[in-house]
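Chemist: Supplied in structure tokens, the structure appears directly below.
The values are calculated or read from the model by the stated rules, or taken from the named source; none is laboratory data. This structure is a prediction, so every number in the text was calculated from the model and none was measured. Methodologically, a virtual Cβ is constructed for each residue, glycine included, from the backbone with ideal geometry; neighbour enumeration extends over all protein chains shown. To get the accessible areas, we keep the full protein, side chains included, count just its heavy atoms, and leave off ligands, DNA and RNA. Shrake-Rupley method; radii C 1.70, N 1.55, O 1.52, S 1.80 Å.
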Amino acid sequence: MSSLARFLRSRRRQITLAVLLGVAGTILLVAGHWAPGYAQEIMVNLGASLVMVALSFVVFDPIFEDMRRNAVEEHRTLNHDQLVTNIAAARVEVDILETWTGLLEDRYRDRFLDAVTTAVRAGVEVRVLLLDPESSAAEQRAEELHHTQVPLLIMDNLRHLYTLRRRLDPLVARQLQVRVYDASPSIQLYRWDDKSFISFFPVGVRAYDARQIEAFMSSPLGEFVSSRFEELWGDSTTRTLEEFMSLSLTIRLGTADLATSHAHFVRLDGDCFVDGSSLLDHLTDHGARRLSLAVGGLRDAIFDMVRLDQHDQSRRATVVALFDAKYGSGHDHRVILRLVPRADAGQPLAH
């Protein structure tokens, strides 16, 4: 949208009233030109007054409007119920910048997802930007919150948003965009059209339980937070929801490519683990020792596959918990494979 279009849209009320008053004043001035005597003076004076009111309205109303927009309102905590209502009623855009959002906790989840569905079906662009659960910043935030399971909470959020996107019509789903950012969280933003709730990340307190500032996005504070959102949204380290949820795999026999698929995956302590369910036919036909994987998006291009050690119960339980948080329960009985860079794959396959 151009700057002129945004200005006209933001000043629609003022412009409409000014035009109506101007037209009315002009009509009276023209009519008064032909009226004799006292009536003529009345019409001329009244018309001139309306024209002056219209001009004054154009000059002074934007000033008062800007003063109103720069005013902020403070709340003790985030009002989730009001926020859900505001999202459902949005007409242009909704932006969320968080570590993870309490709107996807059990008591708010259904209403929030319904509100998002209503908004995107009405053509509203909804953008959700959450902290990357695999980033060091997520671990740091967990420590600040007294070892709260921040990565698991974020993964739970992303799973529900991923499910919603897959449930929507593809054309509607394009209106809902979700990404994860890799940076220290500093600002929380919940925006609906030209208003927002803004907060910061105090140590030991979840952002949505801290004090909130309700402000217009055209205010200096709103513009500052909006610029931060756009920086994180477009950063090179920011990943889309699809990139976070799915890993592109090409299974290889020697130097020949057998098939390409997408697999569920998690990362832990520098290792990458994939759900081998989609690879079982090839593993059965050729054996894992003869196969390798070319993996998109990872630094090392070619990997061997090592089955997650059944005897290391602690590590296995952690990996399974990550899979369950990211994709839902049921991974305990699936084949989970650890990817080992081909140059370092000196160990035998664990059975």
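Chemist: Assuming R0 = 41 Å, can you tell me the calculated FRET efficiency for the pair residue 281 and residue 187, based on Cβ-Cβ distance, to the nearest 0.05?
Modeler: So the FRET efficiency works out to roughly 0.30.
Chemist: Where does each of 255-264, 115-124 land if you order them by average Cβ count within 10 Å, highest first?
Modeler: 115-124, 255-264
Chemist: Where nothing but the Cβ of Lys and Arg (+1) and of Asp and Glu (-1) is charged, how large is the charge dipole of segment 190-330 around its Cα centre, in debye to the nearest 20?
Modeler: That gives segment 190-330 a dipole magnitude of about 320 debye.
Chemist: Provide the FRET efficiency to the nearest 0.05 for the residue 143-residue 111 pair, computing r from the beta carbons and using R0 = 35 Å.
Modeler: About 0.65, to the nearest 0.05.
Chemist: Could you tell me the accessible area of residue 165 in Å² (1.4 Å probe, neighbours in place), rounded to the nearest ten?
Modeler: Approximately 60 Å² for this residue.
Chemist: On a 1.4 Å probe surface of the protein chains, which of 242, 214, 223 comes out largest in accessible area, and what is the full order?
Modeler: From most exposed to least exposed: 223, 242, 214.
Chemist: Quick check: net charge around residue 206, other residues with Cβ under 13 Å of its Cβ, Lys/Arg +1 and Asp/Glu -1?
Modeler: Counting the neighbours of residue 206, the net charge comes to -2.
Chemist: Let me ask something else about it. Could you check the simple spin-label distance between residue 237 and residue 85, using points 7 Å along Cα→Cβ, in nm with one decimal?
Modeler: A separation of 4.0 nm, rounded to one decimal place.
Chemist: Going toward the positive end of the dipole of segment 216-336, with +1 on Lys and Arg Cβ and -1 on Asp and Glu Cβ, which of 335, 302, 320 do you reach last?
Modeler: Of 335, 302, 320, it is 335.
Chemist: Could you work out the Kirkwood radius for segment 144-292, taking every pair of different alpha carbons, averaging 1/r and inverting it, reported in Å?
Modeler: 18.8 Å
Chemist: Lys/Arg Cβ at +1, Asp/Glu Cβ at -1, dipole of segment 137-210 taken about the Cα centre: which of 173, 183, 138 is farthest positive-ward?
Modeler: About the Cα centre, the residue reaching furthest to the positive side is 173.
Chemist: Find how much the distance from residue 301 to residue 118 grows on full extension, using 0.36 nm per residue of separation minus their present alpha carbon separation; answer in nm with one decimal.
Modeler: So the chain would gain 61.7 nm between residue 301 and residue 118.
Chemist: Tell me the accessible surface of residue 27 in square angstrom (1.4 angstrom probe, heavy atoms of protein chains only), to the nearest ten.
Modeler: 110 Å²
Chemist: Would you rank 286, 333 by solvent-accessible area, highest first, keeping every protein chain in place and using a 1.4 Å probe?
Modeler: Highest to lowest solvent-accessible surface, that is 333, 286.
Chemist: How much accessible area per residue does segment 140-208 have, in Å², with a 1.4 Å probe?
Modeler: 46 Å²
Chemist: Compute the label zone of residue 75 within segment 172-187: residues whose backbone N is under 19 Å from the point 7 Å along Cα-to-Cβ.
Modeler: What the label zone holds, given the 19 Å backbone N cut-off, is 187.
Chemist: Right, another one. Using alpha carbons only, what's the Rg to Rh ratio of segment 81-232 with Rh from Kirkwood?
Modeler: 0.94
Chemist: Where the accessible area of segment 181-316 is counted over protein heavy atoms with a 1.4 Å probe, how much of it, in %, is carbon and sulfur?
Modeler: 50 percent
Chemist: Write down the accessible area per residue of segment 215-336 in Å², having rolled a 1.4 Å probe over the full set of protein chains.
Modeler: Averaged over the residues of segment 215-336, the accessible area is 49 Å².
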